Each structure stands twice: as C-alpha cells, then as structure tokens.
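What follows is one structure encoded as structure tokens, with my remarks underneath.
The values are calculated or read from the model by the stated rules, or taken from the named source; none is laboratory data. Note that the structure is a prediction, hence the values are computed from the model and not measured. Heads up, the Cβs are rebuilt from the backbone with ideal geometry, glycines too, and the neighbour counts pull from every protein chain shown. Accessible surface areas use protein heavy atoms only, side chains included; no ligands, DNA or RNA. Shrake-Rupley method; radii C 1.70, N 1.55, O 1.52, S 1.80 Å.
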Amino acid sequence: MSTNTQSAPATKNVQPERAGRPPQTTELFGGATGVDQPAADRGRTSIADVVVVKIAGLAAREIPGVHDMGGGLSRTIGAVRDRVPGGRPNVGRGVKVEVGERQTAIDVDLVVEYGVPISDLARDVRENVISAVERTTGLEVVEVNVTINDVHLPEDDEAPATETRVD
C-alpha cells in the first residue's frame, strides 16, 4: 500500500526592493466599481510589505525571553540609530517577509535571554507572529522561520566600572 502526498507550493509574488522604487505592496482584496456594488466592495485594499514586517516584529518582541532582534550588524546599526536624538526604534529589525497575493512567508532573527528553552521560545514566537499577521492583514502565513543569532548573558548588562575624578 502506497500513499502519495503532495503539498501545494506557496504562492509568492515578490520582487527585490530596489533603490528609488516605491515599497512593495500586495493587493489583498480586489474590489469592484460601480454604484450597483455594495459599498464595502467598492475599491481595493493593498498592504505594503513594511506593514507585515512591523506586525511580525512587534508580535515577536511580545514573547518573554526575546532580548533583541536582528543579526550582529543590524543590532549595531540599530543601537546607534536608537541613540540619535529624534530617532525611533526600528520595530522591523530582524524581520524579512515575502508577500504574495494571499500568502506570506516570514523570517525572524532573534537574540534570546540565557536560560530560556529555545525550542519553546521559537514555537511561541511562531504562534504569536502567525496569529498577529493573519488576524491583522487577512494574509495566510505559510511559514515563520526563526533563527537564533545570539544569547544574551546576564553579565552583558553590567556596565564597566568607571573612575570619576574631580579637579
């Protein structure tokens, strides 16, 4: 007895971002035009990729045990950006998305707190990101890939002792 199962490939309609191009958007609901159509169906709804990035970033940060997001270089640049007066934190740091017509795939790079079970944390991040993105955008999330880039140790918070001198 043989069973043959196949899964349908994820629909992805993604183009790489290029300098000078407007942000990538996805038409989520194609509306109709005309006065004979119900008011709720007149027009289109489009979602920019950056919207999905921000929703996923916020959802991942809500999970206890997530210390920071992004790889080493992006965290360094983000730390500098956060210290600039008037600068805002980048909630999308460490998140990459591919958005198709009705589906999205998300990659999340994390720094975890020492002592947190990584497999449990990754599962919780996946569940929260999927729930937030699907609830907010109506897109189907086909996958959330979690990469753990670093572990934050308790001694990383200790500031080096500095000597003060009064002249």
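Pick from region 122-154 the residues that are closer than 28 Å to Arg44 by Cα and of a type in the set (Val, Ile, Thr): which of them is most open to solvent (accessible area, probe 1.4 Å)? Per the criteria, the residue is Thr136. Taking region 88-139 as the range and being in contact with a helix residue (DSSP H, G or I) (Cβ under 7 Å, 6 or more places away or on another chain), part of a helix (DSSP H, G or I) and under 12 Å from Ala59 (Cα atoms) as the test, the residues that pass are Val125, Asn128, Val129, Ala132, Val133, Thr136.
Evaluation of Gly78 against the conditions (1) part of a loop (DSSP other than H, G, I, E, B); (2) open to solvent by less than 60 Å² (accessible area, probe 1.4 Å); (3) at pLDDT below 80 shows that the sole unmet condition is (1). Could you tell me whether Glu113 is of a type in the set (Asp, Glu), surrounded by 12 or more Cβ atoms within 10 Å (Cβ to Cβ) and within 20 Å of Met69 (Cα to Cα)? Yes: the conditions hold for Glu113. Scanning region 38-61 for residues that are of a type outside the set (Val, Ile, Thr) and open to solvent by 60 Å² or more (accessible area, probe 1.4 Å) turns up Pro38, Ala39, Ala40, Asp41, Arg42, Arg44, Ser46, Lys54, Leu58, Arg61.
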